[in-house]
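Chemist: One structure follows; several queries about it will come next.
A short reminder: the numbers here are calculations on the coordinates, not readings from a lab. In this text, all values refer to a predicted model and were calculated from it rather than measured experimentally. Positions of Cβ are generated from backbone atoms using ideal geometry, with glycine treated the same way; all protein chains shown enter the neighbour counts.
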Amino acid sequence: MFKALDPLLVSELRLAVMSLLMAVEEADFVYLKDRTGATAGNLSVQVQKLKKAGYISVKKSFKGNYPQTTCKILPKGIDAFEQHAEALHSYLQQASKKNAS
């Protein structure tokens, strides 16, 4: 039986953002943009979707005279990411079983 994938994390960019945030305490927007290769506009839209779902927090501040946006994964996001990874693993296990036959 296949486990359900999280529709929010099926998006490659949202999954990439969540993966990066799982590895660090928090990350600024520029770091996420550089690591994902996304445009600022697209990344901004996807970050807002993750925030609206309660998966991440977004803090806006200033560093010197420049605006800075910092993202941090929340417990709900950690749970969602882990469940999504587990579901993906179940799909991969099915493929391995077929190839072993």
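Chemist: If I ask for residues that are without any contact (Cβ under 8 Å) to a residue 40 or more places away in the chain and hydrophobic (A, V, I, L, M, F, W, C), which ones from region 78-101 would you list?
Modeler: Within region 78-101, Ala85, Leu92, Ala95, Ala100 qualify.
Chemist: Just give me the residues in region 37-65 being of a type in the set (Val, Ile, Thr) and farther than 19 Å from Ala80 by Cβ, in sequence order.
Modeler: Thr39
Chemist: Also, I was wondering about something else. Please verify whether Met22 is surrounded by fewer than 16 Cβ atoms within 10 Å (Cβ to Cβ), touching a residue at least 40 places away in the same chain (Cβ under 8 Å), within 12 Å of the chain's Cα centre (by Cα) and under 12 Å from Gly77 (Cβ atoms), treating the condition exactly as stated.
Modeler: yes
Chemist: I need a count of the residues in region 60-77 that are touching a residue at least 24 places away in the same chain (Cβ under 8 Å) and loosely packed, with under 15 Cβ neighbours inside 10 Å.
Modeler: Residues flagged as touching a residue at least 24 places away in the same chain (Cβ under 8 Å) and loosely packed, with under 15 Cβ neighbours inside 10 Å within region 60-77 amount to 2.
Chemist: Go through region 43-85 and count every residue that is over 15 Å from the mean Cα position of the chain (by Cα) and either under 19 Å from Leu20 (Cα atoms) or not hydrophobic (A, V, I, L, M, F, W, C) (or both).
Modeler: Selection size over region 43-85: 10.
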